[in-house]
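Quick note: the coordinates plus some simple rules give every number you see, no bench work behind them. This is a predicted model, so every value here is computed, not measured. A quick note on method: Cβ atoms are made from the backbone with ideal geometry, for glycine too, and the neighbour counts reach across all protein chains shown.
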Amino acid sequence: MTVGVWILGDRLSLKQAALQSYKQKDGLPVIFIESLNHVKVRPYHKQKLVLVWSAMRHFAAELRENGYSVSYEIAEDFATPLQAWVKENQITELRVTEPTDQPFLQTIQNLNLPCKVTFIPDNHFLWSKEEFKNWAQGRKRLLMEDFYREGRKRFQILMENDKPIGGKWNLDKENRKPPKGKLNTPPAKWFEPDEITQEVIKHCRDIACNISTYGEIENFRWGVTRTQALQVLDWFLENRLAGFGPYQDAMVTGEDTMWHAMLSPYLNLGLLQPLEVIQAAEKAYHQNQLPLNSVEGFIRQILGWREYMHGIYHYTCADYPEKNWFNHTKPLPELFWNGETKMNCLHQILTQVQRTGYAHHIQRLMVLSNFSLIAGFSPQEVENWFHAAFIDAYDWVMQTNVIGMGLFADGGILASKPYASSANYVNKMSDYCKSCSYNHKERIGEKACPFNFFYWDFLHRHRPKLQTQGRMSFILKNLDKMSAEELQTIQNQAENWHFSATKT
Ligand code: FAD
């Protein structure tokens, strides 16, 4: 029997399951493939292509140094180089770490390979899909908070025996400060592209005319190796973690990353493991007496949200990507692709994403997807855009965050109420409204912020459905206070608003 391992682009770790499944590394044939057809299936941010391909090329070099027999193919499709490599190396069993993304699992299953293909269960998440299923089965509600507490106990994170350190599981009340005055945000950790990355940048420029892409390739400054990912982690622990909590939800013009970790691209590629990040944060808490609200808030993102999203992705039905609870069918307007709009919040965030492939959680949730939800864009078109625009986008994290959390298109499997808000929230949590052509206080008229008329129109349009969501009743009462005349004007304005006539 001759075993060979195919390394997929998001499992770039010596600890990944397929590599770990075979004890003898010396001379073990491994293959990496950059497929052009694969990146033609949907558009990607140019920096995402550079990140993934450069990280793959760096990891291939690392495996070579470690004694593996590495083949690196740049090809049209996956099947042709795989078939040739299997034949050449007389491979009888191809091992692959089971892909998290279900569409890619199918792609592999449909390849016609002349050898046995074995999927080795993924070890990249703290909870396997079976463990999550065991937790979820029989529960009335799949509450993230319950799951997170279970994780704290199971992995003994921030615990004193069976009690949470500090006496509370969740300190979020201390973490919702609006941005006021001058915030001394710490700089971000970026890297100059090395020779390999520069080659990939050139390659991406060369193929750009054959594929559909998004965003800018200039100023690519992401890390592409485990060493660099660890440097970003250290940088975060030393410079950002202490301040992570209070302004976690704040948005400030010119501040792309605030105190956020910027670790999702590295976690999602396998350059970092979730438990090492969580344990490093916990260690920093004890060693440096960091504020508990910041450390707990950060750990909850990974031990709670990230694991929960992964679990839900596998737990829900195959039709989850098609879900559309509100029957929203409006096409996504062009402004999402070009950033040209008079709405300053959208303009700031969309141009930031073009430049970096990154936006922090509240920018994604409370501006981009909130607006898409209340304006009634098709969830599938929105998901397609998010997948194209973000440096850290993968199917497992897109379906749950966009279809579920952002758009409530799953009807509440994941969130207990839609994340819908008017301009009031954006104004409270950001400085965007100060420099906007629209007035955040006005609900109707030429100057009215579209967040306002779309919000009230959304509540009115979907009242029967929203009434079934217990947490919405207070908000719906506010709708009752509105005069019939104003409501009618709001509906008209929402219906007739021209997305195309809104350039900066
Ligand atoms: P921090 O705010 O510093 O958080 C630390 C880590 O927690 C992140 O690196 C991430 O690994 C994890 N995390 C936090 N929240 C989530 C979550 N809801 N789901 C999964 N992981 C989480 N995350 C992605 O990794 N890829 C995506 O494509 C993505 N798209 C999103 C789209 C929408 C509409 C929303 C609402 C959220 C999305 N998220 C996505 C989740 C979250 O916004 C990002 O993980 C986070 O902003 C990444 O930046 P950071 O590393 O600086 O995160």
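Observations
- Between the helical axis of 226-239 and the longest alpha-carbon principal axis of the chain there is an angle of about 40 degrees.
- Residues of the range 43-75 with amide N under 19 Å of the 7 Å Cα→Cβ point at SER21: 68-71
- Note, ³J(HN,Hα) from phi for the range 281-289, Karplus 6.51, -1.76, 1.60, rounded to Hz, x at Gly and Pro: 5, 5, 5, 4, 4, 6, 5, 10, 6
- Taking every C-alpha pair closer than 8 Å and separated by at least 6 residues, the mean separation divided by the residue count of the range 10-80 gives a relative contact order of 52 percent.
- Taking amide H atoms as placed 1.01 Å from N in the peptide plane, the amide H of THR118 lies under 5 Å from those of LEU94, ARG95, VAL96, each 5 or more residues away in sequence or on another chain.
- Modelled this way, with points 7 Å down the Cα-to-C-beta line, the labels at LYS87 and GLU73 are 1.1 nm from one another.
- The range 321-501 shape via C-alpha gyration tensor axes, a/c threshold 1.5: oblate
- Whole-number percent relative contact order across the range 321-501, with pairs defined as alpha carbons under 8 Å at least 6 apart: 22 percent
- Ranking of TYR438, TYR308, TYR419, TYR432 by count of other Cβ atoms within 10 Å, fewest first: TYR419, TYR438, TYR432, TYR308
- Interchain or long-range residues, amide H under 5 Å from SER430's placed H: MET251
- Gain on full stretching of the segment that runs from GLU145 to ASP194 - 0.36 nm per residue minus C-alpha separation: 13.4 nm
- Helix 195-207 and the longest principal axis of the C-alpha atoms of the chain enclose an angle of approximately 70°.
- Calculated [θ] (222 nm, deg cm²/dmol) that DSSP helices of n ≥ 4 give over the chain, each run adding -39,500 (n - 2.57): -12000 deg cm²/dmol
- Between the alpha-carbon centres of the range 259-303 and the range 209-245 there is a gap of 15 Å.
- Taking a ≥ b ≥ c as the square roots of the eigenvalues of the Cα gyration tensor, the range 18-134 is rounded, since a/c falls below 1.5.
- Excluding same-chain neighbours fewer than eight residues apart, the aspartates and glutamates reachable from LYS283 by a Cα-Cα span under 14 Å are ASP234, GLU238, GLU296.
- Pairs spanning more than 20 Å between alpha-carbon atoms, out of LYS342/LYS447; LYS46/LYS330; LYS48/LYS202; LYS182/LYS428; LYS40/LYS342: LYS46/LYS330; LYS40/LYS342.
- For the peptides 239-251, 18-30, the ranking by packing is 239-251, 18-30, with the highest mean count of neighbouring Cβ atoms within 10 Å listed first.
- The long axis of helix 450-461 is offset from the longest Cα principal axis of the chain by roughly 90 degrees.
- Whole-Hz couplings from phi, Karplus 6.51/-1.76/1.60, listed for the range 21-26; x for Gly and Pro: 6, 10, 5, 8, 8, 4
- Label-reachable residues, the range 455-470, where backbone N falls under 20 Å from a point 7 Å from ASP480's Cα toward its Cβ: 456-470
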